[in-house]
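Student: Here it is: the structure, laid out below.
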Amino acid sequence: FPSHDTFLGRLLLAGWLFNGVAGVLMLLLQASVSFNSSLLETLGHPTLWNFVTTSAFGRLWLIRLTLWGIGLMLLGQPRRKNFFPLLFILGIGIVLTQSLFSHAAAAPDTLVAVIGDGLHLFLASLWIGGIVSFVAVIAQIHPHDTALTTRMVGYFSNYARVAVAALLVTGIYATWLQVGSLEALLNTVYGRALLIKLVLFIPLLSIAAVNMLVTHRYLQADQVVWVGRLQNLIGSEVVLALGILVAVAVMTSAPPARGIQAERE
């Protein structure tokens, strides 16, 4: 169990707390756009609570806040029965609230688009969050215990393989839905951010393939030097993943490329 006196437990708690901070900032940002005011002015705006209770975003945000609060209470009881499944379900709910107020929610076929977007976000969370957690676990294994490291690499490779395959499918669908043409990809903020995301995703995927096909094999051969190389490779994955998240943030804040290109035409 990830009790708070372990690195993995502290990482999980910190991630959940940052999720809450991000949720507050999202509310202030969305309200500031609605009020046409700065973030500080929005914080003291007299109709902020009215915005939360009456707008579509505000109602989704309240659901998100409720799920987050339940999760925070759950994190205080890490040895509770069904701890992981409950936290997992709460995480899915938070991802869904994000997709219900995303570019996908404005697509013509809303239901399919939202499901696709939610699945993409969920899988990305599993993969990137899994990489960070994997780093935390590997760091606690003795460098000479190649047998345990080998088992962990094997488990994570199988888990990541499924997530990445589904990410590719949902990502291709999202690209077709929100971009639609090469011109829109090259000549809009959304499209260029997507290109950067793809440029970062290719080496990230390559490193994952090296770990699955090469590193795992050498660890099975009890070559201790590959434990250090594994840690370096995973560290590179984390850096690339952070770059991808920055690109995704730009995509989220920019209007979809397909719509911009349609207006130009």
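The values are calculated or read from the model by the stated rules, or taken from the named source; none is laboratory data. These numbers come from a predicted model, not from an experiment. We place every Cβ from the backbone using ideal geometry, glycine too, and count neighbours over all the protein chains shown. All accessible areas refer to the heavy atoms of the entire protein, side chains included, with ligands and DNA or RNA removed. Shrake-Rupley method; radii C 1.70, N 1.55, O 1.52, S 1.80 Å.
Student: Being polar (S, T, N, Q) and within 19 Å of the chain's Cα centre (by Cα) is the filter here, so list the residues in the range 201-249 that pass it. Write out each step before concluding.
Tutor: Taking the range 201-249 as the starting set, the residues that turn out to be polar (S, T, N, Q) are 206, 211, 215, 220, 223, 231-232, 236.
Result: Ser236, single match.
Student: Within the group Trp49, Trp16, which residue is of a type outside the set (D, E, K, R), surrounded by fewer than 15 Cβ atoms within 10 Å (Cβ to Cβ) and on the phi < 0 side of the Ramachandran plot?
Tutor: Values: Trp16 fails: surrounded by fewer than 15 Cβ atoms within 10 Å (Cβ to Cβ).
So the residue among Trp49, Trp16 that is of a type outside the set (D, E, K, R), surrounded by fewer than 15 Cβ atoms within 10 Å (Cβ to Cβ) and on the phi < 0 side of the Ramachandran plot is Trp49.
Student: Here's a follow-up. Say whether the condition of being open to solvent by 80 Å² or more (accessible area, probe 1.4 Å), free of Cβ contacts under 8 Å to residues at least 12 places away in the same chain and not in a helix (DSSP H, G or I) is met by at least one residue in the range 251-265.
Tutor: yes
Student: Only one residue in Gly91, Gly15, Gly69, Gly9 is farther than 19 Å from Ala136 by Cβ and either more than 19 Å from the chain's Cα centre (by Cα) or of a type in the set (Gly, Ala, Ser) (or both), so which one is that? Steps first, answer last, please.
Tutor: On the way: Gly91 fails: farther than 19 Å from Ala136 by Cβ; Gly15 fails: farther than 19 Å from Ala136 by Cβ; Gly9 fails: farther than 19 Å from Ala136 by Cβ.
After ruling out the rest, the residue left standing is Gly69.
Student: For Leu96, are the conditions met, namely being assigned to a helix (DSSP H, G or I), in contact with a Gly (Cβ under 6 Å, 6 or more places away or on another chain) and on the phi < 0 side of the Ramachandran plot?
Tutor: yes
Student: Just checking, how many residues over the range 203-242 are among the polar types (S, T, N, Q) and not in a helix (DSSP H, G or I)?
Tutor: Just the residues of the range 203-242 that are among the polar types (S, T, N, Q), to begin with: 206, 211, 215, 220, 223, 231-232, 236.
Remaining after also requiring not in a helix (DSSP H, G or I): 223.
Qualifying residue count for the region: 1.
Student: Have a look at Thr175, Thr150 and point out the one that is closer than 24 Å to Val224 by Cα and in a helix (DSSP H, G or I).
Tutor: Values: Thr175 fails: closer than 24 Å to Val224 by Cα.
Being closer than 24 Å to Val224 by Cα and in a helix (DSSP H, G or I) holds for just one of Thr175, Thr150, which is Thr150.
Student: Taking the options Thr66, Thr42, name whichever one is exposed (fewer than 15 other Cβ atoms within 10 Å of the Cβ) and free of Cβ contacts under 8 Å to residues at least 24 places away in the same chain.
Tutor: On the way: Thr42 fails: exposed (fewer than 15 other Cβ atoms within 10 Å of the Cβ).
From the options Thr66, Thr42, the qualifying one is Thr66.
Matching residues to (1) surrounded by 15 or more Cβ atoms within 10 Å (Cβ to Cβ); (2) out of contact with any Asp or Glu (no Cβ under 8 Å at 6 or more places or on another chain):
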position: Gly76; (1), (2): no, yes
position: Phe83; (1), (2): yes, yes
position: Ile94; (1), (2): yes, yes
position: Ala104; (1), (2): yes, no
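Student: So Asn158 ticks every box in (1) touching a residue at least 24 places away in the same chain (Cβ under 8 Å); (2) over 19 Å from Val239 (Cα atoms) but one. Which box is left unticked?
Tutor: (1)
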